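The values are calculated or read from the model by the stated rules, or taken from the named source; none is laboratory data. Bear in mind that the values here come from a model prediction, so they are computed numbers and not experimental data. No Cβ is skipped: glycine too gets one built from the backbone with ideal geometry, and neighbour counts run over all protein chains shown. What goes into the accessible areas is simple: the full protein's heavy atoms, side chains included, and nothing from ligands, DNA or RNA. Shrake-Rupley method; radii C 1.70, N 1.55, O 1.52, S 1.80 Å.
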Amino acid sequence: MRAYEDWVVEAESKGLKISSVVLQNQIEELELSGEALFDRMGNNLKVMRESVKIGLSGKRRSASGLVGGDAAKVEEHRKSGSTLIGEVMSGVIAKALAVAEVNASMGRIVAAPTAGSCGVLPAVLFTLEEIFHSDEKELLSALFTAAGLGIIITERANVSGAEGGCQAEIGSAAAMSAAAAVELAGGSPRQTAHGAAIALKSMLGLVCDPVAGLVEVPCVKRNATGAMIALTAAEMALAGVKSAIPIDEVIDTMAEIGHQMSCSLKETAQGGLAATPTGRKIRADFL
Amino acid sequence: MSKSNVFDLLGPIMVGPSSSHTAGAVRLGTMARKILGEEPLEGIITLHGSFAETGKGHGTDVALIAGLIGMAPDDERIPDAPELAKERGFKVRFEKADLGDVHPNTVKFDLTGSKERVIVIGSSIGGGAILIRQINNFMVGINGDYPTLVILHQDLPGVVAQVTLLLATAQINIATMRVSREKKGAQALMVLETDQKIEEAVLELTRRLPSIKQALAIEPLE
């Protein structure tokens, strides 16, 4: 079982970024050139970018009608000059909702790491692109950092709502996004670990309780809050704030909490919000 | 479990909303189509468990049809699959049933083409991964990761040896192999997953072996 700490130590000793260490590891494991890996990751980035754009247009609705149009509302609000948290951060919310709405309405997305959590990473990534004017190569590198942490999460825990609850899906996406954001913002490998740990700690215990079993309520909005947690964690890490509990131990804890979680709270639509009177009514009306 | 790579974590590129109920459903449809080995004309699709319960909201039904008419999980025409199927003259009917002690995301296809009819049962086992569990009366375990050779034959001594010798001669390495039969001496099914692509010529030679009734090569899913 590998540890993210191993990659941090390797990056520090060689003076590399986490993304370079992950890339080198994948060149060996997949027996592909760095160029081929970047090309393939480029397809992911392209689809992520398209899904943000399509979602922001606000034209899509999910089959149940529960989801759609909220990304456009936030985007309009943000441009109205009356945004509460500022245009940049408001944009994070709009982008995350956009991608998650595209997913809920049978549009094309990149599972990151899952379809239900597909909005977090694009929202964080394209917001940083706006702030730092990052180029394609930097964005792709950040995706390798995010995916690298994801690999560690799948080895030590899982990224499945049915196995670990929402903490394993949106939580993993937030941690991966925080690591990517820290690197993209110029933070050190050690700081990516702190950012990821702070983000994942903030998501521990979150249950997977989709109303009517659909990837809509509360999943779509949790993409937006997950993205904000990722950026909050990244900001702390970049400021030099440390996580008292190291990332690998946080991941192990996430696995353990998922294990202890009742089955009714792991994607079965039996408990949590799915079991509320309104949740049950939505299910009865739709199915 | 094999090691994850970066594209397992970022990917697949897919039409939403669910990797298991949508992307996995497309792949199940694709596999069923490959097993039929021709354009399906009629289909009865039976949904079990979570597929039956939450399939509607996840587009599981349209995703299964999309796979059956040859679409990939990232095809943006997936929501239009029922219409496109109709245009092609493919008639599909859905049913719900308890298929027994199987994975919650399980589907049974009863497919008819111009030449063949086949029953295929498969499950979407998470993250878009699938497992074909049954073909007609035979239990199998095909996940679409490898080129797969499916052979219907008479349960007689030496049939397996003939096939493996033929593959060895063609420099095709067998990764996994499973043989099952209806009863002693009756029909049997051999499923071989291989490391190399099974060329049409090899398949034709397989079909000419004695005691072989049918042979089908299934290319791996993308």
Going by a 1.4 Å probe on protein heavy atoms, which residues of region A:151-166 end up with at least 30 Å² less accessible surface in the whole assembly than in their chain alone? A:Ile151, A:Thr154
Bins of 5 Å, beginning at zero and ending with the bin holding the largest distance: percent of Cα pairs per bin for region A:168-226, please. 4, 21, 24, 19, 14, 9, 6, 3, 0
Flagged as over-length at 26 Å C-alpha distance, from B:Lys91/B:Lys115; A:Lys53/A:Lys281; A:Lys46/A:Lys221; B:Lys34/B:Lys91; A:Lys221/B:Lys56; A:Lys95/A:Lys137, the pairs are A:Lys53/A:Lys281
Just to compare against my own numbers: the Cα pair-distance distribution for region B:6-136, 10 Å bins, whole % per bin, please. 14, 50, 31, 5, 0
Over region A:1-82, relative contact order from alpha-carbon pairs under 8 Å, at least 6 apart, %: 13 percent
Region A:173-287: Rg to Rh, with Rh as the Kirkwood radius over Cα pairs: 1.09
With x for Gly and Pro, the residue-by-residue ³J(HN,Hα) of region A:72-84, computed from phi through the Karplus equation 6.51 cos²θ - 1.76 cosθ + 1.60 at θ = phi - 60° and given in whole Hz, is 5, 4, 5, 4, 5, 4, 5, 7, 6, x, 10, 5, 6
Take the Cα of B:Ala186, step 7 Å along the line toward its Cβ, and report every residue of region B:117-144 whose backbone nitrogen sits under 14 Å from that point. B:136-139
For region B:148-218: Kirkwood Rh in Å [reciprocal of mean 1/r, alpha carbons]: 11.9 Å
A:Arg280 to A:Gln260: FRET efficiency via 1/(1 + (r/R0)^6), r the Cβ-Cβ distance, R0 25 Å, to the nearest 0.05? 0.45
Largest to smallest accessible area among A:His77, B:His153 [probe 1.4 Å]: A:His77, B:His153
For B:Ile218, A:Ile54, write out the residues from largest to smallest accessible area, computed with a 1.4 angstrom probe and no ligands counted. A:Ile54, B:Ile218
Given the DSSP H assignment, sum -39500 (n - 2.57) over each helix run of at least 4 residues in the protein assembly as shown and divide by its residue total; what's the result at 222 nm in deg cm²/dmol, nearest 500? -15500 deg cm²/dmol
Accessible area, probe 1.4 Å, largest first, for residues A:Val241, A:Val92: A:Val241, A:Val92
What is the Cα coordinate range of region A:15-135 on the first, second and third principal axes, sorted by size from largest, in whole angstrom? 47, 33, 17
Over region B:29-137, relative contact order from alpha-carbon pairs under 8 Å, at least 6 apart, %: 35 percent
Per-residue average of other protein chain Cβ atoms inside 10 Å, peptide B:56-63 -> 5
Length-normalised contact order for chain B - Cα pairs under 8 Å, 6+ apart - percent: 20 percent
hull vol. (C-alpha, convex hull) per residue for chain B, Å³ -> 127 Å³
Could you check how many percent of all C-alpha pairs in chain A are farther apart than 31 Å? 24 percent
Dipole magnitude of region A:1-119 about its Cα centre (Cβ charges: Lys, Arg +1; Asp, Glu -1), debye to nearest 20: 800 debye
Inter-chain shielding metric for A:194-202, i.e. average beta-carbon neighbours from other chains within 10 angstrom, reads 0
Give the value in nm², to one decimal: projected area of the alpha carbon convex hull of the protein assembly as shown, averaged over all directions. 25.1 nm²
Going residue by residue through region A:91-97, the Karplus relation 6.51 cos²θ - 1.76 cosθ + 1.60 with θ = phi - 60° gives ³J(HN,Hα) values, rounded to whole Hz and with x marking Gly or Pro, of x, 4, 4, 4, 5, 5, 4
